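The values are calculated or read from the model by the stated rules, or taken from the named source; none is laboratory data. Computed from a predicted model, the values in this text were never measured in an experiment. Every residue, glycine as well, gets a Cβ built from its backbone with ideal geometry; the counts of neighbours run over all protein chains shown. In case anyone asks, the SASA skips ligands and DNA or RNA and just uses the protein heavy atoms, side chains included. Shrake-Rupley method; radii C 1.70, N 1.55, O 1.52, S 1.80 Å.
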Amino acid sequence: MVIIPTYNEAENIKPIVARVRESVPDAHILVADDNSPDGTGKVADELAAEDDHVKVLHRKGKEGLGAAYLAGFRWGIEHGYGVLVEMDADGSHQPEELPRLLTALKGADLVIGSRWVPGGRIVNWPKSREFISRGGSTYSRLLLDVPIRDMTAGYRAFRKETLEGIGMDEVASQGYCFQIDLAWRAIKAGFHVIEVPVTFIERERGESKMSRDIVTEAAWRVMSWGVGSRVNKVLGRKDSTES
């Protein structure tokens, strides 16, 4: 199941659903809409009425990317899906690359579509945005002592067992921080995480959800986790992540 969280993505949801359906015809799609005022949920309902591979999860209001994905993960697991994929609605994640992520998942527990490994690239990003993304991944990798190059990547394929084993009920982080949180949890739990190169293309329609608050939250939480982990190692205590 490909989970696509939406908030004011009425212009984007039809084309992205069509591309997923063409790229991986057997996949089902769950649109997790946070009561978008632009009518995204209504458009998604129309798609679902025409195609039994499309489902819609209507949520009360805008609660953040992390909450939307967690709700989608739980819905998918409850309905028997064994593989769950994160994908943006705005076209920045190329559905045509999804088969490569799914193929890689045959030998892994979590596959991350990475911009910062050889072969990965970005298109139409300003240097400031690239600096934030690269810097955020490097900062997280060093503080948390993990080998992942693209810690903030949002194009991912999980096995159901991975999500069940990382303590989803304890996760409350959002945005950049949510992606960092789940990757770190997977590594700490002993799951096999690999990265495959992808091309990330900046959205052409709608507005980015990135904000200073999201970046600030990520920086603060990652520092807290990194310091806490080092203290626990010194004291010989079991590591834990409090989100």
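Estimated from the Cβ-Cβ distance and a Förster radius of 22 angstrom, the FRET efficiency linking residue 14 and residue 202 is about 0.65.
Remark on the chain: ratio of C-alpha radius of gyration to 2.2 N^0.38 Å is 0.97. FRET efficiency for the residue 103 to residue 160 pair, using the beta carbon distance and R₀ = 25 Å, is estimated at 0.90. Taking a ≥ b ≥ c as the square roots of the Cα gyration tensor eigenvalues, the stretch 145-192 comes out rounded, since a/c falls below 1.5. Remark on residue 6: its backbone amide H falls under 5 Å from those of 32, 33, 34, a criterion applied only to residues 5 or more positions apart or on other chains, H modelled at 1.01 Å from N. Here's how it looks for residue 172: its modeled amide H is under 5 Å from those of 243, which are all 5 or more places away or on a different chain. With a simple spin-label model that places each label point 7 Å from the Cα along the Cα-to-Cβ direction, the separation between residue 129 and residue 169 comes to 3.8 nm. If you count Lys pairs in the chain whose Cα atoms are under 22 Å apart, skipping same-chain pairs closer than 8 places in sequence, the total is 18. The residues of the chain present an accessible area of 47 Å² per residue when probed at 1.4 Å with all protein chains retained. The modelled label-to-label distance between residue 145 and residue 188, using points 7 Å beyond Cα along the C-beta direction, is 1.3 nm. Determine the percent antiparallel among the DSSP beta bridges restricted to the chain, to the nearest 5. Here the share of antiparallel DSSP bridges comes out near 30 percent.
When only Cα pairs below 8 angstrom with a gap of at least 6 residues are kept, the chain shows a relative contact order of 22 percent. The overall shape of the stretch 1-101, judged from the alpha-carbon gyration tensor, is rounded, with an a/c ratio under 1.5. Report, to the nearest whole %, how much of the accessible area of the chain belongs to carbon and sulfur atoms, 1.4 Å probe, protein only. Roughly 53 percent of what the probe reaches on the chain is carbon or sulfur.
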